[in-house]
Amino acid sequence: LTSEKRIYENVHQPFRLQNQYFDQEIGLHYNFFRYYEAETGRFTNQDPIGLWGGDNLYFFAPNVQGWVDWLGLHSDPDLLNRITRVAAAMPEGDRPRTTYALARVTTSSGRSEIWMASAGKKGWVSKALQRIAGADKVINNLHRSNKNHLNDAERKLMREARRQGAKIESIAATRPMCGRCQTGARSMGILRRVITALKR
């Protein structure tokens, strides 16, 4: 449509994802009786089937970037489900500024564990989120300096794995992994084990 402007310059395509109709006047998409706000990725009214649809009545879907093994080399659907539950349970105000990360690790004794860490809030993780994640251990090895993102959740997990001689099998976070954490993951040889999105 864009290459033939002289013919189609006034064409409006109102249909969006899952055949939702875009209403220009209110700026929302709707499908029969339920309105969806694309900018936030959430519905504006409650799920008509109530809690049968999940704990969050306004939830649209899990992060679709996590549905794909982006390199096609490694997958850990269990860890992906855990981080999706953590992201859904996060308080609304924490989402833009706090990152939680989970890692499936094999300890030096050969035991498989789920480790959890948080960036921001001085690395604090609530007992409720730890329970939702099913984490065996919360890692809070704060670096004295906050330079170069040394206290990012992913970096804490990598630093602890290195300190304990553990192997990270897969790692996931509630927000895309930043470039500095990607560099750290690359230097540890685990970048291909990141199962959630990377920041470009």
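The values are calculated or read from the model by the stated rules, or taken from the named source; none is laboratory data. From a predicted model like this one, the values you see are computed outputs, not experimental measurements. Here the Cβ positions follow ideal geometry from the backbone for every residue, glycine too, while neighbour counts run over all protein chains shown.
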* Going through the range 130-162 one residue at a time, which ones are closer than 16 Å to Thr98 by Cα, aliphatic (A, V, I, L, M), at pLDDT 90 or above and surrounded by fewer than 21 Cβ atoms within 10 Å (Cβ to Cβ)? -> Val138
* **Which numbered condition Ile139 misses (of (1) touching a Phe, Trp or Tyr at 6+ places or on another chain (Cβ under 6 Å); (2) closer than 17 Å to Arg85 by Cα)** => (2)
* Structure fact -> Conditions (1) basic (Lys, Arg); (2) at pLDDT 80 or above; (3) more than 27 Å from Leu191 (Cβ to Cβ) -> Arg42 fails only (2)
* Matching residues, the range 168-188, being among the basic types (Lys, Arg) and surrounded by 14 or more Cβ atoms within 10 Å (Cβ to Cβ) -> Arg175, Arg180
* strands (runs of 3 or more DSSP E) fully within the range 85-200 counting 2 or more residues that are under 17 Å from the mean Cα position of the chain (by Cα) and without any contact (Cβ under 8 Å) to a residue 60 or more places away in the chain -> 112-118
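Quick one: in the range 22-39, which of the residues that are surrounded by fewer than 13 Cβ atoms within 10 Å (Cβ to Cβ) and either hydroxyl-bearing (Ser, Thr, Tyr) or at pLDDT below 80 (or both) is nearest to Ala87 (Cα to Cα)?
Only one residue fits best here, namely Glu39.
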